[in-house]
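Student: Sharing a structure below in structure tokens format, with a few things to ask.
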Amino acid sequence: MRLSALLYDKKIRDLIYQVAVLGGLVATGVYFVRNASENMVKAGIASGFDFLGRTSGIDVPFVLTNYQPSDSILALFWAGVANTLFVSLIAMVLATVLGFLIGLARLSNHWLLSTLAGGYIEFVRNIPLLFFVLFWYFGVIAALPQPRESIGFFGIAFLNNRGLTVPATESLSAFGWALIAILIATLAHWTYARVAKARKEATGQDAPVMLVGLVLLIGVPVLALVVASIATQWSIPALRGFNYRGGFVIIPEFVALLAALVTYTAGFIAEIVRGGIQAVVKGQREASYALGLTRGQTLRLIIIPQAMRVMIPPMTSQYLNVLKNSSFGAAIAYPDIVSLFMGSALNNTGQAIEIIAMTLAVYLVIGLAVSALMNVYNENTKLVTR
Amino acid sequence: MKKTTLTLLALAGMAAAPAMAQTLAPSPTLDAIKARGSLECGVHLGLPGFSFANDKGEWTGLDVDYCKALAAAILGDANKVKFTPTSVQQRWPILQSGQVDLLSRNTTITFSRNASLGINFQGINFYEGQTFIVRKSANVKAAKDLDGASVCVAAGSTEEKNAADWFRERSMKVTITNFQKNDDAIAAYDAGRCDAYTAGIGALAGQRAKLKVPGDHIILAEPISNDPQGPVTRYGDERYQAVVRWVLNGMIAAEALGVTSKNVDDMKANSKNAEVRRLLGAEGNFGAMLGLSNDWMYNAIKQVGNYAESYDRTVGKDSALKIERGQNQLWTKGGLLFTPPFQ
């Protein structure tokens, strides 16, 4: 084949274009990195990742890791990542639950319910998130009493404007056993449900799946947790001086940020739920009623599984938004990755480029992981066509 | 061979230099300020007494006065300053990237900042010490009574680390909550989120006015740290850095030498003190040696005043804050202010 013919081959030409574009991108990236590092050296600004090993010296009011102010800046980084993940994951779950409820209420035939849900959605979707965060924060602080007037719960947990102080334990071994028990129960339930389903398909006989599920998925965990708590040594908070000592403190910044993320995102999820359900053609519902299924069964077995296919891609976007929006915590001193690492650590070291790149990578990795999980779920629920 | 030629050329150059007017080291920053016709000064977002804008947008304060004096020295007019308010976190990038010519904003001099941020501190215009503001009802007399308390602080400030270090050293269990801006931290303290807010003694005197009922709070007198503060410039451009340094020295020297904005004309014409004459440009060519006009310090003192005049007007006895001179007094009067001679 002649060389010119090779150039006119579509496959080869496409390959050449792709290589050129990729090469250009890499070259641009390399140019920016080199340019930045050269200029930083010229300006006398430190660069490199040595700073991660330095002592951080920053006190963090809410840590899930073993972080201490005497630890390194890298430990501070992980403490920030843990706090970001913690608030984001809980917010995703709660926003989904609240969003589903509001979305279903919006579709309800009950006029008041549907109007209230509609009003909520319109209100939430047209207000900036920062407003929510500050509203909940100052609302939460203002509504809660000073430590001396704390609201007590059975003398073991105390709520005041410094947070919710709950009993904590040094050793978690009893809870480890409880976790194992819960896992076994879950596995048992899953196996039982599969067997029951197979039997129903083979013989048409119903099995008491709901009842067994209730026992295995709620009864066993509750029992396991109760036994574990009795077997564990607790540190019970007690009022001394300024505030309660001992126990674990859930800070008001966490509560405010969580409340803001959940109430805000639920408004968007509600619309996705409504859209998903309305996307299921009317005939499906009518056919289901004609077959004698009840309203509940229709919703559970016919409508929601089909609506899920439509809902998953936009839901993924909402979950990613929750993750990114958790950075609003920096506005109210919730010690997330932005506040701790891009705030305190950046100011102490001045290494803006490295720190911002690392923070970016954290969001990217978590975001891609969430997307990947949702894609797997999407694969499993999508319509199988023959 | 080549090296010898170069050396010879350099020697010839040096020999020729005194014959011409004095050659100055190039100063891109001074050239840019003069071409622009204004000084770009990075100040605090709003700290009464140090840098604070009134409802007409006019900036006043100790740090603001210094920038005005610098503008008077470089451009001959103290009003040719553009103030850029910066938060704790914005201040470094804004200086490093060249958006401002200097920072004059209650910034503490520290080793690691100087070594790793590409910035130089040019002197001390305020000796600050960190302390706490607490509610009177909390019955706290000193920082050591704060065991178990929550403290609000601005993230990225020296106070954030100082406080953590100080409590850790004493094994005190104190919760430190870090806010992005000073004002957010004060607002949260005021809302009851914290038992104390921590900042410098001078800064607190000004920030106290932002509380709903200032009278309900007291500032603990005993400082937990030394926080010397002063103007900050980027690395590079030594001649400009010298100007920044010597305008501050000049204001302090003027106080020591008894030169004020009121008597500066008389002093310039009649003083027999050689240092006063050199400072005000009546003798020698000190201004020209830095590439400025010879009446550089005359303009600064005439238009802004000496250090004492600025201090008294902004944070001292004639201001609302009424902070004692204390460490910020001349060395001859028991303070720490000292300046190298104008010689």
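Every number here is computed from the coordinates shown, using simple stated rules; none is lab data. Keep in mind that this is a model prediction, so the values were computed, not measured. All Cβ positions, glycine included, derive from the backbone under ideal geometry; neighbour counts span all protein chains shown.
Student: Convert each backbone phi in the range A:54-69 into a coupling constant with the Karplus relation 6.51 cos²θ - 1.76 cosθ + 1.60 (shift: θ = phi - 60°), then list the ³J(HN,Hα) values in order as whole Hz, x for Gly and Pro.
Tutor: 5, 5, 7, x, 9, 8, 10, x, 9, 10, 9, 8, 8, 4, 10, x
Student: Sticking with this one: Just tell me how shielded B:155-164 is by partners: mean number of partner chain Cβ atoms within 10 Å of each residue's Cβ, no decimals.
Tutor: 5
Student: When a/c reaches 1.5 or more, the comparison of a/b and b/c decides; with that in mind, is chain A rounded, prolate or oblate per its Cα gyration tensor?
Tutor: Oblate shape, in that a/c is at least 1.5 and b/c is the bigger or equal ratio.
Student: Then there's this: Relative to the present Cα-Cα distance, how much length would full extension add between A:Leu301 and A:Leu7 at 0.36 nm per residue of separation?
Tutor: 100.2 nm
Student: So for the protein assembly as shown, taking the charge dipole from beta-carbon charges (+1 Lys/Arg, -1 Asp/Glu), which of B:Val174, A:Val93, B:Gly334 sits furthest toward the positive end?
Tutor: About the Cα centre, the residue reaching furthest to the positive side is A:Val93.
Student: For chain B, calculate the relative contact order in percent as a whole number, restricting contacts to Cα pairs under 8 Å that are 6 or more residues apart.
Tutor: 21 percent
Student: Work out which helices of chain B, taken as complete DSSP H runs, extend at least 20 Å along their axis over the Cα atoms and score a mean Kyte-Doolittle of -1.0 or more, then list them.
Tutor: B:2-16, B:238-257
Student: Of the candidates B:Pro231, B:Pro223, B:Pro48, which one comes out as most mobile in a Gaussian network treatment of chain B with C-alpha springs shorter than 10 Å?
Tutor: B:Pro223
Student: Give me a comma-separated list of calculated 3J(HN,Hα) values for the range A:134-141, in order, Karplus coefficients 6.51, -1.76, 1.60 applied at θ = phi - 60°, integers in Hz, x for any Gly or Pro.
Tutor: 5, 4, 5, 5, 6, x, 5, 4
Student: For the range A:3-45, compute the orientation-averaged projected area of the C-alpha convex hull (one quarter of its surface), in nm².
Tutor: Convex hull of Cα atoms, orientation-averaged projection: 3.5 nm².
Student: Over the Cα atoms, compute the radius of gyration (one decimal) and Dmax (the largest Cα-Cα distance, rounded to a whole number) for the protein assembly as shown, in Å.
Tutor: When restricted to the Cα atoms of the protein assembly as shown, Rg and Dmax are 33.5, 118 Å.
Student: Which of the residue pairs B:Lys141/B:Lys173; B:Lys161/B:Lys212; B:Lys56/B:Lys262; B:Lys56/B:Lys82; B:Lys212/B:Lys322; A:Lys324/B:Lys212 have a Cα-Cα distance greater than 24 Å in the structure shown?
Tutor: Violating the 24 Å limit, Cα to Cα: B:Lys161/B:Lys212; B:Lys56/B:Lys262; A:Lys324/B:Lys212.
Student: Does the range A:166-276 classify as rounded, prolate or oblate by the C-alpha gyration tensor (a ≥ b ≥ c root eigenvalues; a/c under 1.5 gives rounded; else a/b over b/c gives prolate, otherwise oblate)?
Tutor: Oblate is the answer for the range A:166-276, as a/c is 1.5 or above yet b/c matches or exceeds a/b.
Student: Mind checking the range A:1-99 for trypsin sites (Lys or Arg not before Pro) that DSSP puts in a loop (not H, G, I, E or B) and that have at most 16 other Cβ atoms within 10 Å?
Tutor: Sparse-neighbourhood loop trypsin sites (Lys or Arg not before Pro): A:Arg2, A:Arg54.
Student: Mind ranking A:328-339, A:252-263, A:153-164, A:15-26 by how tightly packed they are, going by the mean number of other C-beta atoms within 10 angstrom, highest first?
Tutor: My ranking of the peptides, most packed first, is A:328-339, A:252-263, A:153-164, A:15-26.
Student: Alpha carbons only, please: Rg and Dmax for the range A:37-135, in angstrom.
Tutor: Looking at the range A:37-135, its Cα Rg and Dmax stand at 22.4, 69 Å.
Student: Is there a quick way to get the dipole size of the range A:194-344? I mean about its Cα centre, with the Cβ of Lys and Arg at +1 and of Asp and Glu at -1; what is the value in debye to the nearest 20?
Tutor: For this selection, approximately 380 debye.
Student: Please identify the longest segment of chain B free of exposed GluC sites (Glu not before Pro), where exposed means a DSSP state other than H, G, I, E or B and no more than 16 other Cβ atoms within 10 Å.
Tutor: B:59-282
Student: Right, another one. Pairs of Cα atoms under 8 Å, at least six residues apart: use those to get the relative contact order of the range B:130-225, whole percent.
Tutor: Computed value for the range B:130-225: 46 percent relative contact order.
Student: Between the range A:311-365 and the range B:194-272, what's the alpha-carbon centroid distance in Å?
Tutor: A separation of 37 Å, based on Cα centres.
Student: Moving on to the next point. Could you check the simple spin-label distance between A:Thr186 and A:Thr55, using points 7 Å along Cα→Cβ, in nm with one decimal?
Tutor: 4.1 nm
Student: Still on this structure, please answer the following. Under 10 Å, Cα contacts only: if you run a Gaussian network model on chain B, which one of B:Thr314, B:Thr332, B:Thr110 comes out with the highest mean-square fluctuation?
Tutor: Comparing B:Thr314, B:Thr332, B:Thr110 in the GNM, the peak value goes to B:Thr332.
Student: Per residue of A:341-353, how many C-beta atoms from partner chains lie within 10 Å of its own C-beta, taken as a mean?
Tutor: 6
Student: In debye, nearest 20, what is the charge dipole magnitude of chain A about its Cα centre with +1 on Lys and Arg Cβ and -1 on Asp and Glu Cβ, if you could check?
Tutor: Charge dipole of chain A: 1200 debye, to the nearest 20.
Student: Can you list the aspartates and glutamates whose alpha carbon is less than 17 Å from that of B:Lys210, not counting same-chain residues fewer than 8 positions off?
Tutor: B:Asp55, B:Asp183, B:Asp184, B:Asp190, B:Asp195
Student: Shifting gears a bit: Between A:Met311, A:Met358, A:Met210, which gets the highest mean-square fluctuation from a Gaussian network model of chain A, Cα cutoff 10 Å?
Tutor: A:Met210
Student: Still on this model: How high is the relative contact order of chain A, in percent, with contacts defined as C-alpha pairs under 8 Å that are six or more residues apart?
Tutor: This gives 23 percent for chain A.
Student: Amide H neighbours of B:Ser261 under 5 Å, counting only residues 5+ apart in sequence or on other chains, H built in-plane at 1.01 Å?
Tutor: Under 5 Å from the amide H of B:Ser261: B:Asn306.
Student: Continuing with this model, one more query. Run the dipole for the protein assembly as shown about the Cα centre, Lys and Arg Cβ at +1, Asp and Glu Cβ at -1, nothing else charged, and hand back the magnitude in debye, nearest 20.
Tutor: It comes to approximately 1660 debye.
Student: Let me ask something else. From the convex hull of the Cα coordinates of the range A:171-216, what is the mean projected area in square nanometres?
Tutor: The Cα convex hull of the range A:171-216, projected and averaged over all directions, gives 3.0 nm².
Student: By per-residue mean of other Cβ atoms within 10 Å, what is the highest-first order of A:82-93, A:186-197?
Tutor: Highest to lowest by the protection proxy: A:82-93, A:186-197.
Student: In Å, what Kirkwood hydrodynamic radius results for the range B:123-256 from the alpha-carbon pair distances?
Tutor: Every distinct Cα pair counted, the radius reaches 16.2 Å.
Student: While we're here: How many partner chain Cβ atoms sit within 10 Å of a residue's Cβ in peptide A:156-163, on average, as a whole number?
Tutor: Mean number of neighbouring Cβ atoms from other chains: 2.
Student: Just the Cα atoms of chain B: what Rg and Dmax do they give in Å?
Tutor: For chain B, the Cα radius of gyration and maximum Cα-Cα distance read 22.4, 83 Å.
Student: How much net charge surrounds B:Ala155 when only the other residues with a Cβ under 14 Å from the Cβ of B:Ala155 are counted, with Lys and Arg +1 and Asp and Glu -1?
Tutor: So the surrounding residues net to -4.
Student: Mind listing the lone cysteines of the protein assembly as shown, meaning no other Cys beta-carbon sits under 4.7 Å from theirs?
Tutor: If one checks each Cβ against the other cysteines of the protein assembly as shown, every cysteine finds a neighbour under 4.7 Å.
Student: Shifting gears a bit: Which shape class, rounded, prolate or oblate, goes with the range A:1-94 when its Cα gyration tensor gives a ≥ b ≥ c as root eigenvalues, a/c under 1.5 marks rounded, and past that a/b bigger than b/c marks prolate?
Tutor: oblate
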